[in-house]
Every structure is written in C-alpha cells, then in structure tokens.
Amino acid sequence: MTSKRALHLSAGAIVLYWTGFALSRLLRADHTQHSVPAIAQNVCVRAAIVTALVWILMRAAGQSIRDLGIERDGTGRFVLRSFLLAVGLFVVANLVLNTAFSALLGQGQAPPIAELFRDPREAPYWIFSAIVGGGFAEELLRAFVLTRFEALFGRTGLVLAVVADSVVFGLGHLYQGNASALTTAFTGAILALIFLRRRRVIDAMVVHALFDLMGIAAAYTLYAR
C-alpha cells in the first residue's frame, strides 16, 4: 500500500468514526456507565483498539507511532511545564468556560456521573481511566487525526480536523449536560493546540491525564459520601 493510499484510508476511517460516534451520542445522549470497574474495563478495551488501529494505519503509511512525538525532554522541566499547563487548563475549563456556559444554558442538576464518585475506594479505577483512557488513548487518537488530515489537505485540513475532533469530543460528554459538552469541546481544541505547539503527543498526554486526575479529585470532594 502506498503512503498516499494509506492516508486516504486513515481519513476515511476517521470520518466513519466521527459520524458513528456523533450519531450515537445525539440519538442516545445518556451513555453513563453505572459501574466504575466497567468504565475501566471499557477504557482498557478502547485503548487497545485505538493503539492497534493507529499502529497499523501508520505502519501502512511508512510511519511509526514514535513519529507523533512520544519522547519527553528533561524530566524536571517537562513535569513542571505539564503540571502548569494542566492547572491552567483546569482553571480555564471549569472556572471560566463551564461557568460561562452554565450561566447561558442553565446549570441543571448534578449529572448522573456524580453517583459514580460516591465511594472513594473506587478511585484506582478512575485513576487508571484518566491515565490510560484520557491521557494515552484519546490524545494518541487526536494526534493521529490531526496529522492525517494535515498530510492530506494541508493547513485547511488541519483546521477542519481540530474543529471536527473537538465537536465530537464534546458530544461524548452530552450526558453531563450541554454546558459540560461545550466546555469539553473547547478543552479538546486546547489539547490539540498543546500537541501542535511542539508536535509532541507526550505533552498533550500528560496534560490531559493530569487534568482528568484533578477532575477526579474535585468530583470525589463534591460527591463522595
């Protein structure tokens, strides 16, 4: 398979995924799992599928996952930069965007997912999901999506990919309410920019994982019994 053909195959697979995922969320907005272990299990399966597909499609294009930027730089500087970016993203998403969107769209009741943060003994499952699902799998897929569309369609394709990927990312959180879905969409766009700034997926992975871990800590603070 030629590199160009592999890129077209990747773009087609991405569009199919976007379409199927968006329709499933719009037609049935409540996708809340009712078991934290089940969520962790689903995260594990999804991460394995995403990793395998990205690896296969990148190999078909004559590339490696390492080309997305897995290696970190100096440990101390890398950790500090990632932590500060995660804190900044958390503040922007939760104190600025979510507050503004909630004021415009209405806050509503506590989301159904709040029930999943009642028992702190289940925290390890959430930590696993934050690191493997949010940090690793979602950012690996995002970097793959952005680089495929940029390689095929240039800057226009990259911009379209950032927008479409962010919208789909937001739709995945419709079960938390419209304000949260909009906040998540903007958060996805910011994470895309973090990757694009230095073309290193490891940066977005660590920031996303830390961001989710902060959200988990906040959720247990608010909802644990």
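Summary table below
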item: Spherically averaged projected area of the stretch 1-124 from its Cα convex hull (nm²); result: 11.3
item: Rg/Rh (Cα only; Kirkwood hydrodynamic radius) as it applies to the stretch 156-225; result: 1.04
item: Solvent-accessible area, 1.4 Å probe, carbon plus sulfur percent, for the stretch 46-170; result: 69
item: The chain, dipole about Cα centre (Lys/Arg Cβ +1, Asp/Glu Cβ -1), debye to the nearest 20; result: 540
item: Rh by Kirkwood over Cα pairs, then Stokes-Einstein D for the chain at 0.890 mPa s and 25 °C, µm²/s; result: 135
item: Sorted peptide list for 88-101, 181-194, 201-214, criterion being average Cβ within 10 angstrom, highest first; result: 201-214, 181-194, 88-101
item: HN-Hα J in Hz across the stretch 197-202 - Karplus 6.51, -1.76, 1.60, θ = phi - 60°, x for Gly and Pro; result: 4, 10, 6, 10, 5, 4
item: Length gained when the stretch Thr2-Leu53 is fully extended (0.36 nm per residue, less Cα-Cα span); result: 16.6 nm
item: Förster radius 35 Å - calculated FRET efficiency between Arg197 and Ala114, Cβ distance, rounded to 0.05; result: 0.55
item: For the stretch 83-155, average projected area of the Cα convex hull in nm²; result: 7.6
item: Gained length - Phe153 relative to Ala100, 0.36 nm times residue gap less alpha-carbon distance; result: 15.6 nm
item: Projected label distance in nm at Tyr223 and Leu160, using a 7 Å step from Cα toward the beta-carbon; result: 3.7
item: Gyration tensor (alpha-carbon) shape descriptor, the stretch 99-225, a/c threshold 1.5; result: oblate
item: Residue-normalised accessible area of the stretch 67-225, given per residue in Å² at a 1.4 Å probe; result: 49
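The values are calculated or read from the model by the stated rules, or taken from the named source; none is laboratory data. Please read all numbers here as calculations on a predicted model, not as lab measurements. For neighbour counting, all protein chains shown are included, and Cβ atoms are generated from backbone atoms with ideal geometry for every residue, glycine included. The protein model used for the area step is the full one, side chains on, heavy atoms only, and it has no ligands, DNA or RNA in it. Shrake-Rupley method; radii C 1.70, N 1.55, O 1.52, S 1.80 Å.
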